[in-house]
1. Tell me whether segment 200-209 contains one or more residues that are open to solvent by less than 50 Å² (accessible area, probe 1.4 Å), in a helix (DSSP H, G or I) and outside the structural domain of THR122 (by the TED database).
2. Out of SER83, SER77, SER57, I need the residue that is within 14 Å of the chain's Cα centre (by Cα), polar (S, T, N, Q) and not in a loop (DSSP other than H, G, I, E, B). Which one?
3. Across segment 101-127, what is the number of residues that are open to solvent by 10 Å² or more (accessible area, probe 1.4 Å) and in a helix (DSSP H, G or I)?
4. Does VAL98 satisfy being assigned to a strand (DSSP E or B), closer than 17 Å to LEU32 by Cβ and open to solvent by 10 Å² or more (accessible area, probe 1.4 Å)?
5. Within segment 72-79, identify whether any single residue is open to solvent by less than 40 Å² (accessible area, probe 1.4 Å) and either over 16 Å from HIS159 (Cα atoms) or of a type in the set (Asp, Glu) (or both), and answer yes or no.
6. With ALA143, ALA189 as the choices, which residue is of a type in the set (A, V, I, L, M) and either part of a loop (DSSP other than H, G, I, E, B) or loosely packed, with under 14 Cβ neighbours inside 10 Å (or both)?
7. Taking the condition without any contact (Cβ under 8 Å) to a residue 60 or more places away in the chain and charged (D, E, K, R), does ASP19 pass?
8. Output the residues belonging to segment 85-120 that are under 18 Å from PRO7 (Cβ atoms) and in contact with a strand residue (DSSP E or B) (Cβ under 8 Å, 6 or more places away or on another chain).
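The values are calculated or read from the model by the stated rules, or taken from the named source; none is laboratory data. These numbers were taken from a predicted model, which means no experiment stands behind them. Because the Cβ atoms are built from the backbone with ideal geometry, glycine has one as well, and the counts that use them run over all protein chains shown. Surface accessibility is based on the protein's heavy atoms, side chains included, excluding ligands, DNA and RNA. Shrake-Rupley method; radii C 1.70, N 1.55, O 1.52, S 1.80 Å.
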Amino acid sequence: METMVRPSNGFLSALSADDFELLRPYLRTIELPHEAVLVEAGETLKRAYFPHRGVISLVVKLAKGEHVQVAMIGRDSVLGALSTMGDAYALNTAIVLVPGTASVMDLDRLRAAADQSGTLRTFLTRHGLAVYAQVQQTAGCNAAHPVESRLSRCLLHTHDLSGDYRLLLTQEAMAQMIGARRNSVSLVANTLQHANFIHYSRGHIQILNLDGLRQTACECYSTVKTQYDRLLGQR
């Protein structure tokens, strides 16, 4: 691990100099390996994660073995925002969906800093609410919208959060992202490939046409972006 001066994470870069100084001495940089489990549901979250690159998937594990993604956290936010407000009990499992790097710090240190600064506490709350808005929209989307629209939405969102056009996503991972079966994902991925929106081969996706994906995605993609802009654009 090594100390970072000013990490390339949206949450950290948006902090005032005083608020960032409350965190800076305790931030360390780590790798986010693909499919690493950062916390399991039912465990206590001990560290906050601020991705620079890569994407963290929040997953609900059901009794029959199904895994369903409910939200993603990337370079614009933080894992553990609302945990600083009180209960650090993990309601879902956090898994690295797209590998990268992140700044981390002990959650207790972040909580202590939030206790010292009202602006930091408010910003953490807004980030937590933004993730909550994403969870709500994802639930409605998976229940009501076609698989093709849902996959397009998730690919766009993953691109936004990672900053990358090349993604390592297996059929199983994409099925979890959109709450669908693997055979449905395969058919839809082929449809998007035939439209030249993506190139897909053995778990490797290259996004070729963002506008095409936006036209195919449901309104949930823009709705989540609007909520993020509303909540995180105010300081």
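1. Restricting attention to segment 200-209, the residues satisfying the condition of being open to solvent by less than 50 Å² (accessible area, probe 1.4 Å) are 200, 203, 205, 207.
Adding the requirement that they be in a helix (DSSP H, G or I) leaves none.
No, there is no match, as no residue in segment 200-209 is open to solvent by less than 50 Å² (accessible area, probe 1.4 Å), in a helix (DSSP H, G or I) and outside the structural domain of THR122 (by the TED database).
2. Numbers: SER83 fails: within 14 Å of the chain's Cα centre (by Cα); SER77 fails: not in a loop (DSSP other than H, G, I, E, B).
Only one candidate passes the filter, namely SER57.
3. Matching residues across segment 101-127 total 12.
4. Values: assigned to a strand (DSSP E or B): yes; closer than 17 Å to LEU32 by Cβ: yes; open to solvent by 10 Å² or more (accessible area, probe 1.4 Å): yes.
The answer is yes for VAL98.
5. Start the filter on segment 72-79 by keeping residues that are open to solvent by less than 40 Å² (accessible area, probe 1.4 Å), which leaves 72-74, 77-79.
Cutting the leftovers down to either over 16 Å from HIS159 (Cα atoms) or of a type in the set (Asp, Glu) (or both) gives us 78-79.
Within segment 72-79, one or more residues are open to solvent by less than 40 Å² (accessible area, probe 1.4 Å) and either over 16 Å from HIS159 (Cα atoms) or of a type in the set (Asp, Glu) (or both).
6. On the way: ALA189 fails: either part of a loop (DSSP other than H, G, I, E, B) or loosely packed, with under 14 Cβ neighbours inside 10 Å (or both).
Result of the check over ALA143, ALA189: ALA143.
7. Values: without any contact (Cβ under 8 Å) to a residue 60 or more places away in the chain: no; charged (D, E, K, R): yes.
No; evaluated as a whole, the condition is false for this residue.
8. VAL96, VAL98, PRO99, GLY100, THR101, ALA102, SER103, VAL104, MET105, ASP106, LEU107, LEU110, listed by residue number.
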